[in-house]
């Protein structure tokens, strides 16, 4: 709201130092005037030298003023980025690889926005970098971590190989790159001078095939095999029906251990190439000694029990004979009833006690 005398005026609208609107006003009385500002929609198209659309490019419009506006957008499958309601004027325009403002710079220039639905085209010199990771036996490596670095040593991106061993870094500027490969938390490959856009890396990963035999030379099936490296425990794997266990591992020194029943085995190998190894287990003397001690204890207990039971049976037979003799003496009248009754009760009590001990 402005108090103004009758007359002709010029009205201008600003954001910071940027003039965004202008009009001439004739003031005759109290009145409301609307200034139409210069806010435009702009379409930016990202193309290659071959006129192909470039998607997933981060396009940035930045005001020339240090504290001015910044607009960002991502190109779609047609390579198009649309900005709406952009103030008129000159902007710095940048195209960056990836989907963030921290990507590699593909283009930088100036753009002067002066009209609605203004169309601009950026020609980008980009390439895709495809990398495949294989073991020494040419098997694809799944879930390897690929780190890509620019020629200045900056991290460009991180990707993980698919089931076929591939990764693809898209829309990169033409330059020399470096990469590192990590798998199972071990560095298994690197290349500091990538000049091709389609490369195959043979990682320091080898296949170890292990045949596990018992002390008699027979395959040990469904047996747990423990793998340990200098980095720590790798894991425990089980042999198949033929006694084999086979897996890919990074180049390293491994301790392989087998413990099952009375069989035990241990081997140390340096996996610097594909290997087929036989691990023949030995009898575990500690387990054998323990088993023998337990068996001897059970045998001793069995012998003692039988001896004790046999002694009890003989005493039962002896008491039964004594009772029979006592009955014969009483029938002949050679012993008084009171004495007979007392002795028979004593014998029967001892007999019941022996039978109870026999049951226990």
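If the requirement is being modelled with pLDDT of 90 or more, under 17 Å from residue 41 (Cβ atoms) and surrounded by 15 or more Cβ atoms within 10 Å (Cβ to Cβ), which of these qualifies: 148, 129, 80, 124?
Just a single option satisfies the conditions, and that option is 80.
Could you check the range 113-216 for strands (runs of 3 or more DSSP E) lying wholly inside it with 3 or more residues that are over 23 Å from the mean Cα position of the chain (by Cα) and free of Cβ contacts under 8 Å to residues at least 60 places away in the same chain?
Strands (runs of 3 or more DSSP E) meeting the threshold: 186-194.
Applying the selection to the range 263-281, what residues are under 27 Å from the mean Cα position of the chain (by Cα) and either part of a strand (DSSP E or B) or exposed (fewer than 14 other Cβ atoms within 10 Å of the Cβ) (or both)?
268, 269, 270, 271, 272, 273, 275
Please determine whether any residue of the range 86-102 is surrounded by fewer than 12 Cβ atoms within 10 Å (Cβ to Cβ) and over 17 Å from residue 189 (Cβ atoms).
Yes, there is a match, as at least one residue in the range 86-102 is surrounded by fewer than 12 Cβ atoms within 10 Å (Cβ to Cβ) and over 17 Å from residue 189 (Cβ atoms).
May I ask you to say which residue of 106, 134 is surrounded by 15 or more Cβ atoms within 10 Å (Cβ to Cβ) and modelled with pLDDT of 95 or more?
134
The values are calculated or read from the model by the stated rules, or taken from the named source; none is laboratory data. Here the structure is a predicted model, which is why all the values come from computation and not from measurement. Heads up, the Cβs are rebuilt from the backbone with ideal geometry, glycines too, and the neighbour counts pull from every protein chain shown.
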